[in-house]
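This report refers to the structure that appears directly beneath it.
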């Protein structure tokens, strides 16, 4: 079976930079799984997602999405960025915002996603009035309406309260199990990573470790990066 994502010896640098942001990164991801990308600030996590989406051209190496180049596979992918630039004074409702991209209001898929993401009560509200957690759920609904086979989430719970974070991660796990979507998520929450991930990809410009939560917990590079925190969370799995 072909992996949904395969990255081989990936090296990336931004045009204005002389230094590599990602160097010799290689991993593969199976379908219908949840991969968490972790690492310190500046480790290249967002850069990896942008390269998978085809927004950055590798200096060296290859990326394939279901056997295709990223630019050819964008129809199969959806992306929820870490920060969504929103003019909160713009007069548009949640429903109107979603209809801009997906006009099939009466389709069964539309109603299923709205229900699963639990934003039915938000549809008539101005988009600018939403809380951080509510806006994130709307962005996930917009990504899901595309019927992606691969969903990329860049620190999607930034600015969301504790209860909202719990609900969001349960929603993501539901999308994987109920809808069979493959998910790559950047996260700083180690306890959540170890609870929900099928695979953990640990970056610090290069690939430090890669494997199941149980496997990476026993790797020296992981323990060195996260220290006592990793030992503490290891007892919560």
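If you go through the stretch 59-109 and keep only what is within 20 Å of the chain's Cα centre (by Cα), under 16 Å from residue 139 (Cα atoms) and without any contact (Cβ under 8 Å) to a residue 40 or more places away in the chain, you end up with just 85. Filtering the stretch 18-34 to residues that are surrounded by fewer than 19 Cβ atoms within 10 Å (Cβ to Cβ), at pLDDT 90 or above and either assigned to a loop (DSSP other than H, G, I, E, B) or touching a helix residue (DSSP H, G or I) at 6+ places or on another chain (Cβ under 7 Å) (or both) leaves 30, 31, 32, 33. Considering only the stretch 197-224, state which residues are touching a helix residue (DSSP H, G or I) at 6+ places or on another chain (Cβ under 6 Å) and not in a strand (DSSP E or B). Of everything in the stretch 197-224, those that are touching a helix residue (DSSP H, G or I) at 6+ places or on another chain (Cβ under 6 Å) and not in a strand (DSSP E or B) turn out to be 197, 213, 216, 217, 222, 223. The single residue among 153, 135, 194 that is closer than 22 Å to residue 45 by Cα and in a helix (DSSP H, G or I) turns out to be 194. Checked against (1) surrounded by fewer than 19 Cβ atoms within 10 Å (Cβ to Cβ); (2) closer than 19 Å to residue 82 by Cα, residue 183 meets all criteria but (1). Entry remark, the stretch 143-165: residues being under 14 Å from the mean Cα position of the chain (by Cα), at pLDDT 85 or above and surrounded by fewer than 21 Cβ atoms within 10 Å (Cβ to Cβ) number 4 in total.
Of everything in the stretch 41-64 that's touching a helix residue (DSSP H, G or I) at 6+ places or on another chain (Cβ under 7 Å) and part of a loop (DSSP other than H, G, I, E, B), which residue is modelled with the highest pLDDT? The extreme case among them is 54.
If only residues of the stretch 95-138 that are touching a strand residue (DSSP E or B) at 6+ places or on another chain (Cβ under 8 Å) and surrounded by 12 or more Cβ atoms within 10 Å (Cβ to Cβ) are counted, the one that is nearest to residue 53 (Cα to Cα) is 136.
Among the candidates 67, 44, 54, 61, the residue that is more than 20 Å from residue 176 (Cβ to Cβ) and crowded, with 20+ Cβ neighbours inside 10 Å is uniquely 44.
Residue 112 meets each of the listed conditions (1) part of a loop (DSSP other than H, G, I, E, B); (2) without any contact (Cβ under 8 Å) to a residue 40 or more places away in the chain; (3) under 24 Å from residue 179 (Cα atoms) apart from (1). Scanning the stretch 65-109 for residues that are closer than 14 Å to residue 149 by Cβ, assigned to a loop (DSSP other than H, G, I, E, B) and touching a helix residue (DSSP H, G or I) at 6+ places or on another chain (Cβ under 8 Å) yields a single hit, 66.
Between 2, 32, the distinction of being in contact (Cβ under 8 Å) with a residue 60 or more places away in the chain and out of contact with any strand residue (DSSP E or B) (no Cβ under 7 Å at 6 or more places or on another chain) belongs to 2 only. Of all residues in the stretch 145-162, those that are on the phi > 0 side of the Ramachandran plot and touching a residue at least 12 places away in the same chain (Cβ under 8 Å) have Cβ atoms under 8 Å from Cβ atoms of residues that are part of a loop (DSSP other than H, G, I, E, B) and surrounded by fewer than 18 Cβ atoms within 10 Å (Cβ to Cβ), 6 or more apart or on another chain, in 155/82; 155/188. Taking residues in the stretch 164-181 that are over 18 Å from residue 119 (Cα atoms), and partners anywhere that are modelled with pLDDT under 85 and assigned to a helix (DSSP H, G or I), the pairs with Cβ atoms closer than 7 Å and at least 6 places apart or on different chains are 181/175.
The values are calculated or read from the model by the stated rules, or taken from the named source; none is laboratory data. Note that the structure is a prediction, hence the values are computed from the model and not measured. Counting neighbours? That spans all protein chains shown, and the Cβs are built from the backbone with ideal geometry, glycine included.
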